[in-house]
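Report on the structure given below.
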Amino acid sequence: MKKLVVFIFSLFTTFSAYAAGNPFMGNNKNQIALNIGQGVNSGFLIPPPTQLVPFYLTHIQYSQPTTFFKIPARQSINIGQTLGFGQKYGWNWDKYTIPMIFLSEDIAITHGTNWYFSTGIGVGLQAQQNERLGAKLLFQFKLIGGYRITDNWGIEVFMQHFSNANTATANYSYAFYGLGMTYSF
C-alpha cells in the first residue's frame, strides 16, 4: 500500500502543471467557451463511445483563472441545454431535452506551451427530474484535451459525464463526447 501511495504522489508531483502560467487562457483573465457534445448511452464514469444516441449537449461556459493547490485551474459557470430526438436502446431521448446550469472547476493535470490535459468536477441543476437521473441535482465529471491556437483562441475535445451521484433511486447518467471553442480576453 505504501508503494502505491508513493507512486501516486510521485506521479502527481512529476507531471503536475504548476501555476507559473495558466494553460487554459494564458495571461488573460476571462474566457468564454462554446461546447457541443454527442450523447453516449452508458452508465460508466468514463463511457466507451460505442453506443451513440440521438442525444446532444450544447453549453456556454464563462471561466476565470484560479489554482487548485498551486496547480493551474479555471472556475466556470455553465449554462447548457440537452437535446434528445427519438428512441434508441430502450430510452425515449425526447424526454431529456432539458436546460441545466452548473458550476465547475477544471484542473490542469499536465500541460505544455500551447496544450493541456485536464480533469474537472462540477455541481448543478437540471430544470426537471426524469426517470434517467431521478433528480434535478447534477454532479459532473469531465476530461479535457485542449490546444491554444493563439493568445485568444483555443480548441478542446472533451468527455463529460453527468449523474446524480446516487442521490436518487434512478441513476443512468448522461455522457457526452464533444468539441469546444474557447475565446480568452
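The values are calculated or read from the model by the stated rules, or taken from the named source; none is laboratory data. Because the structure is a prediction, the values reported are computed rather than measured. Every residue, glycine as well, gets a Cβ built from its backbone with ideal geometry; the counts of neighbours run over all protein chains shown. Surface accessibility is based on the protein's heavy atoms, side chains included, excluding ligands, DNA and RNA. Shrake-Rupley method; radii C 1.70, N 1.55, O 1.52, S 1.80 Å.
In whole Hz, what ³J(HN,Hα) sequence does the range 168-182 give by Karplus (6.51, -1.76, 1.60; θ = phi - 60°), x for Gly and Pro?
3J(HN,Hα) across the range 168-182, in whole Hz: 9, 5, 7, 7, 8, 6, 10, 9, 9, 10, x, 10, x, 10, 10.
Tell me, what is the per residue accessible area of the range 113-185 in Å², probe radius 1.4 Å? Kindly include the intermediate steps, with their values, before the conclusion.
On the way: 3390 Å² over 73 residues.
I get 46 Å² per residue for this part.
Cα gyration tensor of the range 37-84, axes a ≥ b ≥ c as square roots of the eigenvalues: rounded (a/c below 1.5), prolate (a/b > b/c) or oblate? Could the numbers behind the result be given before it?
On the way: a/c = 4.49, a/b = 1.75, b/c = 2.57.
Judged from the Cα gyration tensor, the range 37-84 comes out oblate (a/c at least 1.5, b/c at or above a/b).
Estimate the FRET efficiency between Q87 and I155 by the formula 1/(1 + (r/R0)^6), using the beta-carbon distance for r and 30 Å for R0, to the nearest 0.05.
On the way: r = 33 Å, r/R0 = 1.10.
My answer for the efficiency is 0.35.
I'd like the Karplus ³J(HN,Hα) series for the range 49-60: coefficients 6.51, -1.76, 1.60, θ = phi - 60°, whole numbers in Hz, and an x wherever there's a Gly or Pro.
Running phi through 6.51 cos²θ - 1.76 cosθ + 1.60 with θ = phi - 60° gives x, 9, 10, 5, 10, x, 9, 10, 10, 10, 8, 9 Hz.
Give me the extension gain from K29 to T119: residue separation times 0.36 nm, minus the current Cα-Cα distance, reported in nm with one decimal. Could the numbers behind the result be given before it?
Working: separation 90, 0.36 × 90 = 32.40 nm, distance 2.00 nm.
Full-extension gain reported as 30.4 nm.
Using Cα positions and a limit of under 14 Å, work out the aspartates and glutamates in reach of K142, with same-chain residues fewer than 8 apart set aside.
E105, D106, E156
Counting other Cβ atoms within 10 Å, keep those with at most 15, restrict to DSSP loop, and tell me which trypsin sites (Lys or Arg not before Pro) in the range 26-74 are left.
Values: sites: K29, K70, R74; in loops: K29, K70.
Filter output for the range 26-74: K29, K70.
Hey, what number do you get for the chain at 222 nm if only DSSP H runs of n ≥ 4 count, each worth -39500 (n - 2.57), divided across all residues, to the nearest 500? Working shown, then result.
Numbers: 1 runs with 14 residues, N = 185.
Result for the chain: -2500 deg cm²/dmol, rounded to the nearest 500.
Using a 1.4 Å probe over the heavy atoms of the protein chains, calculate the carbon and sulfur portion of the accessible area of the chain as a whole percent.
Values: 6680 of 9780 Å².
Of the solvent-accessible surface of the chain, carbon and sulfur hold 68 percent.
Hey, how much of the P(r) for the chain falls beyond 25 Å, as a percent of Cα pairs?
Working: 6266 of 17020 pairs.
Cα-Cα pairs of the chain separated by over 25 Å account for 37 percent.
Count the net charge of all other residues whose Cβ sits under 15 Å from the Cβ of F68, scoring Lys and Arg as +1 and Asp and Glu as -1. Kindly include the intermediate steps, with their values, before the conclusion.
Working: positive: K70, R74, K142; negative: E105, D106.
Once positives and negatives cancel, what remains is +1.
If you keep only loop residues by DSSP, which trypsin sites (Lys or Arg not before Pro) in the range 78-135 have at most 10 other Cβ atoms within 10 Å of their Cβ?
Numbers: sites: K88, K95, R132; in loops: R132.
Loop-located and lightly packed - none at all.
Just the number, please: Stokes-Einstein D of the range 103-185 in µm²/s, Kirkwood Rh from C-alpha pairs, 4 °C, 1.567 mPa s. Before the final figure, lay out each step's value.
On the way: Rh = 13.9 Å.
Stokes-Einstein gives a translational diffusion coefficient of 93 µm²/s.
Explain nothing, just the number: dipole magnitude of the chain about its Cα centre with +1 on each Lys and Arg Cβ and -1 on each Asp and Glu Cβ, in debye rounded to the nearest 20. Each step should come with its number before you reach the end.
Working: 11 positive and 6 negative charges, 68 e Å.
So the magnitude is around 320 debye.
What ³J(HN,Hα) values, in whole Hz, does the Karplus curve 6.51 cos²θ - 1.76 cosθ + 1.60 give for the range 70-79 when θ = phi - 60°, with x put for Gly and Pro?
Here the 3J(HN,Hα) series is 6, 9, x, 8, 9, 9, 9, 10, 10, 10 Hz.
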